[in-house]
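Working notes, beginning with the structure itself.
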Amino acid sequence: MKRRHFIKNVSLTGVGLVAGNAMLNCAENNSEKNENETIMTKTNSKFPIAICTWGFANANAKAGEALSKGVKALDAAIIGVSVEEENLKNTTVGKGGTPDREGNVTLDACVMDSNGDCGAVVCVENITNVALLAKQVMTETPHVILASKGAEEFAYRQGFEKDNLLTEDSKKVWEEWLKSPEYKPLINIENHDTIGMLCLDNDGDIAGACTTSGLSYKMKGRVGDSPIIGSGLFVDNEIGGAVATGMGEEVIKTVGSFLIVELMRSGMSPQKACEEAVHRITNKNDKYKGFQIAYIAINKAGDTGSYSIHKGFTYMRYQNGKNENIHSSYFNKI
């Protein structure tokens, strides 16, 4: 399976980096460290950091552990989100995700690295690890986005295995929904249709990944914000990164993740930038009362922030070996 080869290669890379760093440290102990080297060591003492939307503790821990072994930011993010892509109990990401109205599970994902390169796939069937597939689009094609059958065929050429994404449990729930179909988004804590992850590695580089099965029982062909660069995910390695979760249509209207990074560029903290991005939505009208949107962000210094429309959103943060679930502040206090 493609992901197994990827994980193996990344793990070997991490071991090699750890060994290389040990040798480098030994050599440095036998030579004089200049002032700039000392300053750099102090500056990077808080790295690495991994954050992700919602309480996906195992996924964030995997990413954080990979970062701690020297794995680069984008590969660590893909390792992390793949945990939920393969989690059959997660009905909003990957295999086992809730199908569309016709009973087909379709997945969307995007990635963006510290160089500003990015890749995405939309409406993909039969492939579990679509975040890794998005990276392959980025590295192995001249394009940014591949869709539907084209993306699936590309996956097979890249060595991905075909997989039935509709589990028996998801099928039963869908069949029950068909008895009285209602297409109404919920605002409660269960309305997490995405895992978005941002990683800051030992070199101070930022990258991210975002992957989802989208809204439950969506219209066939529907694509939300998650695979859209600038909406569901955006990274500028000089400034920081942001990811979104919730009602994708509303995130797209304000290009939310790009907005947050630009607000940080203007001097806002990640927290203030997330708050402003939510306010851009809530200031328009009172429709926000019927849906949830949340953002998380990180800047180059390793500061993080989050904000949501309604109560209930949390995010994970891995730093200094500690994986913590943080309750987000929110706009609607009524």
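Of all residues in the stretch 245-268, those satisfying the criterion of being in contact (Cβ under 8 Å) with a residue 24 or more places away in the chain, of a type outside the set (Gly, Ala, Ser) and part of a helix (DSSP H, G or I) are Glu249, Glu250, Val251, Ile252, Lys253, Thr254, Phe258, Ile260, Val261, Met264, Arg265. Only one entry of Arg222, Arg280, Arg317 meets the criterion of being within 16 Å of the chain's Cα centre (by Cα) and either modelled with pLDDT of 95 or more or not in a loop (DSSP other than H, G, I, E, B) (or both), and that entry is Arg317.
For Met138, are the conditions met, namely being under 22 Å from Tyr295 (Cβ atoms) and touching a Gly at 6+ places or on another chain (Cβ under 6 Å)? Reasoning before the result, please.
Details: under 22 Å from Tyr295 (Cβ atoms): no; touching a Gly at 6+ places or on another chain (Cβ under 6 Å): yes.
Judged against the criteria, Met138 is not a match.
Anything in the stretch 225-247 that is crowded, with 24+ Cβ neighbours inside 10 Å, modelled with pLDDT of 95 or more and not hydrophobic (A, V, I, L, M, F, W, C)? List them, or say none. Hits for the stretch 225-247 are Asp225, Ser226, Pro227, Ser231, Gly232, Gly240, Gly241, Thr245.
On inspection, Ala120 qualifies as in contact with a strand residue (DSSP E or B) (Cβ under 7 Å, 6 or more places away or on another chain) and at negative phi.
For Lys253, state whether it is among the basic types (Lys, Arg), surrounded by fewer than 18 Cβ atoms within 10 Å (Cβ to Cβ) and within 20 Å of Phe331 (Cα to Cα). Break it down stepwise before answering.
On the way: among the basic types (Lys, Arg): yes; surrounded by fewer than 18 Cβ atoms within 10 Å (Cβ to Cβ): yes; within 20 Å of Phe331 (Cα to Cα): yes.
So Lys253 passes the test.
Of the helices (runs of 4 or more DSSP H) lying entirely inside the stretch 73-189, the ones with 1 or more residues being under 19 Å from the mean Cα position of the chain (by Cα) and either of a type in the set (Lys, Arg) or under 25 Å from Gly230 (Cα atoms) (or both) are found at 73-85, 130-140. Any residue at all in the stretch 210-217 that's at pLDDT 95 or above and part of a loop (DSSP other than H, G, I, E, B)? Yes - at least one qualifying residue is present in the stretch 210-217. Scanning the stretch 271-292 for residues that are closer than 17 Å to Gly224 by Cβ and either touching a helix residue (DSSP H, G or I) at 6+ places or on another chain (Cβ under 6 Å) or touching a residue at least 60 places away in the same chain (Cβ under 8 Å) (or both) yields Ala277, Ile281, Tyr288, Gly290, Phe291, Gln292.
The residue list Glu161, Glu182, Glu262, Glu190 contains one member that is farther than 27 Å from Gly64 by Cβ, among the acidic types (Asp, Glu) and modelled with pLDDT under 95, which is Glu182. Number of residues in the stretch 52-70 that are crowded, with 22+ Cβ neighbours inside 10 Å and either in a loop (DSSP other than H, G, I, E, B) or among the aromatic types (Phe, Trp, Tyr) (or both): the value is 2. Any chance the stretch 296-311 includes a residue that's surrounded by fewer than 22 Cβ atoms within 10 Å (Cβ to Cβ), without any contact (Cβ under 8 Å) to a residue 12 or more places away in the chain, more than 18 Å from Gly230 (Cα to Cα) and basic (Lys, Arg)? For the stretch 296-311, residues surrounded by fewer than 22 Cβ atoms within 10 Å (Cβ to Cβ), without any contact (Cβ under 8 Å) to a residue 12 or more places away in the chain, more than 18 Å from Gly230 (Cα to Cα) and basic (Lys, Arg): absent.
Looking at the stretch 71-91, is at least one residue hydroxyl-bearing (Ser, Thr, Tyr), surrounded by fewer than 24 Cβ atoms within 10 Å (Cβ to Cβ) and closer than 30 Å to Lys311 by Cβ?
First, the residues of the stretch 71-91 that are hydroxyl-bearing (Ser, Thr, Tyr): 82, 91.
Remaining after also requiring surrounded by fewer than 24 Cβ atoms within 10 Å (Cβ to Cβ): 91.
Adding the requirement that they be closer than 30 Å to Lys311 by Cβ leaves 91.
Yes, some residue in the stretch 71-91 is hydroxyl-bearing (Ser, Thr, Tyr), surrounded by fewer than 24 Cβ atoms within 10 Å (Cβ to Cβ) and closer than 30 Å to Lys311 by Cβ.
Met264 falls short on exactly one of the conditions (1) over 18 Å from Phe56 (Cβ atoms); (2) touching a Phe, Trp or Tyr at 6+ places or on another chain (Cβ under 8 Å); (3) among the aliphatic types (A, V, I, L, M), and that condition is (2). So is Lys89 more than 27 Å from Phe258 (Cα to Cα) and at pLDDT below 95 or not? Criteria met by Lys89.
The values are calculated or read from the model by the stated rules, or taken from the named source; none is laboratory data. Bear in mind that the values here come from a model prediction, so they are computed numbers and not experimental data. Virtual Cβ from ideal backbone geometry, glycine too; neighbours counted across all protein chains shown.
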